[in-house]
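Written out below as structure tokens is the structure these notes cover.
Please treat every number below as a calculation from the coordinates, not as lab data. The structure presented is a predicted model; accordingly, all values stated were derived computationally and were not measured. Ideal geometry is used to build each Cβ from the backbone, glycine not excepted, and the neighbour counts take in all protein chains shown.
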Amino acid sequence: MSELTAGETKYLRKKLGRKPSAFELDVVSAEWSEHCSYKSSKKLIRKFPNRSKFVIPGLASDAALLDIGLGYVLAIHIESHNHPSAVEPYGGSATGVGGVIRDILSLGARPIALLNALRFYPLDNANKRYSQSSRWLLRNVTKGIADYGNCIGVPTVGGEVEFDRGFSNYCLVDVAAIGISKREKIIRNRSNKRDIVFLVGGATGRDGIHGSSFASKKLSGEDRSAVQIPDPFTEKLLIEAVLEAVDRGCVNAMKDLGGGGLSCCLSEISETISKGLEVDLSKVHVKEDGMSPSEIILSESQERMLVITSQTNQAYLTEILSKYNLSYSNIGSVIEGKNLVIKYAGDVIMNLPSELICRAPLIDRDTIPPESKSEDRNLYFRERPSDLYKSILKVLANPNIASKKWIYEQFDHEVGIRTVLKPGTADSSVLRLENGKYLAVKLDGNSKQCDLDPYHGTMCILSEVCRNIISTGGKPLAIIDHLQFGSPENAHIFWAFKQSVRAIINYCEFMRLPVVGGKVSFYNENNLGPIKHSPVIGSIGLIDRSEWIMMPRFGSEESIFIIGNTKDEMGGSEFYETTGRAGNGKVPIVDLNDDMRNAKAVLRLIREDVVSSLHDCSKGGLAITLCEMAMRGGNNFQVDLDKIPNSCSSISNLLFSETPSRYILSTNKRKRLNTMLSAISGLEFSEIGMTTNNGSESFLHHSKLNSPVILTQKNITDSYENLGTIMERTPVD
Amino acid sequence: MNTNTSKSRFIVLVNIENKPYVSDPEGETILRDLIMEEGYSVVESVRTAKSLKMIVRAKNPKQAEKMVMKICEKLRIFNPIISSCTVNVVKSLP
């Protein structure tokens, strides 16, 4: 089954000087699929800045490596499993977790944490059929991630969830993994002639054949052939066996098997080690008899790794694998040259340069800007205290804002005893590291803003993810990205993709943040059309001392400060979404200078020990930020909205605008904090109120309101638990 | 679906298992690490499945099977993408 375009077929024939065989065509078309080759995106994402003093260059292929000091390195990677999860949410999401874990493992690092970013259709919406399907997807995706992560003993420490009408009958499942290792244990992928090639782990079967081609097409009707079944117990054995082999020095090169199966794995590792490989497919341990060479080389059976070892270490490796009861087969060896030689039962059936297989001809896609989707106008909204009160509760109850407890409570987030800040407690998750430091990590996305304006929407995500790291006390070290779009063949979509890439380059160059890893996923479409543009950005940061770890919870009798200006930026906001105004307003614009100035100021305050609690102000706006800090601290607030630095045309915009670069903090050292902030030129900040514990009410005052907006702990908490309420009301879908 | 007027009762067995080309790690593990380990070489393959036993009221066995199948499909008791589902009346009740 060839998936090559006419142009690619011609290019291949010219390179070969003859007609390719059916087998060669199968191998090449798997590797040249969009999913494996990045043929549409490679030229653009090459421009990402990728250097910093922390980044270890030139080693990583499957995941990025960061030097975190005292001889330790971190590995980080992000993957998605959107197509498989949309048709089989349990198996699809679980095998997604397995895949990203093996990416970390292939560097020789021990996986220590998982995060996920999930996107679904609204759970409780006018379209009953779509919502029902969405609840079924959410239930099973959550269970798939939970079961797999819990079985292999890697904690799921955090994530992000968005619900939007753009995801009818579809879902996005992104999983990121973090690993840790000693620097000297990292696999260098250096190999010599006559080294032995082992295929380790699960047997190869007919499951998931053509999965990568499947992921490079739109979902339609019954064209749903690629389904993979998770086997977390085999994965756990694989992790332990591989790490023991790494520890005993019997791994020269290693790679996981993912999309494209052996065909992609063999050609890519051959290119990485700059040597040829000779492999006999009849030696692969298979699940069923009668598999053709094409089926064996294209199979995407899960829980498999390719390990290259020396002749001398071969016995040690097989001894370790046997100890863990893992199946393996010796499938070939490293040879002189740079060709991939594939045999079947001794006969050569393919002999091609690895480079030819690995490097698909790149494509320059057309881009056409679409007509603007958003009308830049402000809408009238009635602003009596009772209206504002109702709006605040409504936005809090919106599942995009509401507590994600129903989801993360199904995950084991503490196994491994290094989780310091668990999901739901702070803006990012914090883990204890072996070198005495702490790691803050977060994923973020915002398809509502990106759909209206892909450039500024992506900027907002970048700013938010960095603010989330900073708000737990971390200094952002690096960025990972996962760009999820519809078909790149659509010029409007490819235009949006380019805008998103441009935003990442501009933000990261300005902030001097390296982009250390990422993934591009195109063809995210269902029968109704493409999804909303959904880049997901991740960031990791280091916190040097435990005293610098911050949480967003008000104490009592503390002064509340805001840093940053609030503007009329309602485009893609949860307030407009909740009140039926989606598609109106201007998407917030990140002012890079403000963003950096505010971030630096906040980090300085933390290090000077003047901050009691800290929260970034983003989705839902200021009102939501204050409520969240009140709920988490169990205390209340009295805020004078007139004191907030702003250029808003209405009180509702002031409360719900999602202007970036803002932080809310509380302190019991208000004088010192005031002096410190006043010394920073150009910084906009003000003291806006006090936290209180007396009584059970919070107050928002404004000179234009004849009475304050009054919120009780019970009201806001009940609204905030709405996601769980929805899922429990409909126990079976 | 109004079936309250039907007089007959049937035991219907629903069997849900992965389609033949979809792997079954549980069955494979039982075969490899239990059956083969203990030397029962006559066993070639093990497939696990989920089964539901329902007592339903219907006019006749055929209608009972049809109705149960419909319920299983509608409520997504199995995912047709990976599983096959068979429905059989195993007994008529008085």
For peptide A:86-98, compute the average count of partner chain beta-carbon atoms within 10 Å of each residue's beta-carbon.
-> 2
Principal axis dimensions, the range A:552-636 - Cα atoms, whole angstrom, descending | 42, 33, 14
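I want to verify the translational diffusion coefficient of the range B:25-94 in µm²/s; compute it with Stokes-Einstein, Rh as the Kirkwood radius over Cα pairs, at 25 °C and 0.890 mPa s.
The diffusion coefficient I find is 166 µm²/s.
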By average C-beta atoms within 10 angstrom, highest first, the peptides A:513-519, B:38-44, A:89-95, A:24-30 = A:89-95, A:24-30, A:513-519, B:38-44
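Enter the mean number of other protein chain beta carbons within 10 Å of the beta carbon of each residue in B:23-29, as an integer.
Details: counts 16, 3, 9, 3, 0, 7, 3.
Mean inter-chain Cβ contacts per residue within 10 Å come to 6.
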Rounded to the nearest whole number, the per residue volume of the convex hull around the C-alpha atoms of the range A:525-682 in Å³ is 150 Å³
Under 5 Å from the placed amide H of A:L352, counting only residues 5+ away or on other chains, we find A:L340, A:I342
Quick one: which of A:338-344, A:480-486 comes out on top by average Cβ neighbours within 10 Å, and what's the full order, highest first?
-> A:480-486, A:338-344
In Å, the Kirkwood hydrodynamic radius of the range A:502-594 over pairs of distinct alpha carbons?
-> 18.0 Å
Which of the aspartates and glutamates could a cross-linker span from A:K323 if the Cα-Cα distance has to be under 20 Å and same-chain partners fewer than 8 positions apart are dropped?
-> A:D231, A:E235, A:E240, A:E244, A:D247, A:E303, B:E28, B:D33, B:E37, B:E38
Note on the range A:230-377: alpha-carbon gyration tensor, axes a ≥ b ≥ c; rule is a/c under 1.5 for rounded, else prolate if a/b larger than b/c, else oblate; result prolate
Debye-sum result for the range A:110-157 in log10 I(q)/I(0), which assumes one identical scatterer on each alpha carbon, at q = 0.15, 0.19, 0.20, 0.32 Å⁻¹ | -0.48, -0.65, -0.68, -1.12
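If you place +1 on the Cβ of every Lys and Arg, -1 on the Cβ of every Asp and Glu, and leave all else neutral, what size is the dipole of chain A about its Cα centre, to the nearest 20 Debye?
Once rounded to the nearest 20, the dipole reads 1220 debye.
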Using alpha carbon centers only, the range A:561-634 is separated from the range A:305-376 by a whole-angstrom value of 45 Å
Over the range A:9-73, what per residue volume does the convex hull of the Cα atoms give, in whole Å³?
-> 126 Å³
Given the convex hull of the Cα atoms of the range A:409-555, what is a quarter of its surface area in nm²?
-> 10.7 nm²
For A:T730 and A:S681 in the same chain, what is the full-extension length gain: residue separation times 0.36 nm, less their Cα-Cα distance, in nm?
-> 12.3 nm
With +1 on the Cβ of every Lys and Arg and -1 on the Cβ of every Asp and Glu, the dipole magnitude of the range A:44-144 about its Cα centre, in debye rounded to the nearest 20, is 280 debye
Which order do A:F54, A:F198 fall in if you start with the one that has the fewest other Cβ atoms within 10 Å?
-> A:F54, A:F198
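Provide the convex hull volume over Cα atoms per residue for chain A, in Å³.
It comes to 144 Å³ per residue, whole-number rounded.
Going through the cross-link list A:K498/B:K74; A:K43/A:K442; A:K185/A:K442; A:K15/A:K43; A:K404/B:K66; A:K128/A:K404, which pairs have a Cα-Cα distance over 30 Å in this structure? All intermediate terms of the calculation are to be shown ahead of the outcome.
Working: A:K498/B:K74 42 Å; A:K43/A:K442 27 Å; A:K185/A:K442 27 Å; A:K15/A:K43 21 Å; A:K404/B:K66 40 Å; A:K128/A:K404 22 Å.
Exceeds cut-off: A:K498/B:K74; A:K404/B:K66.
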What is the packing order of peptides A:350-357, A:8-15, taking the mean over residues of other C-beta atoms within 10 Å and listing the highest first?
-> A:350-357, A:8-15
Computed over the range A:331-487, the convex hull of the Cα set has an average projected area, in nm², of 18.5 nm²
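Inside 10 Å of the C-beta atoms of A:131-139, what's the mean count of C-beta atoms belonging to other chains?
On the way: counts 0, 1, 1, 0, 0, 3, 0, 0, 1.
What the average comes to for A:131-139 is 1.
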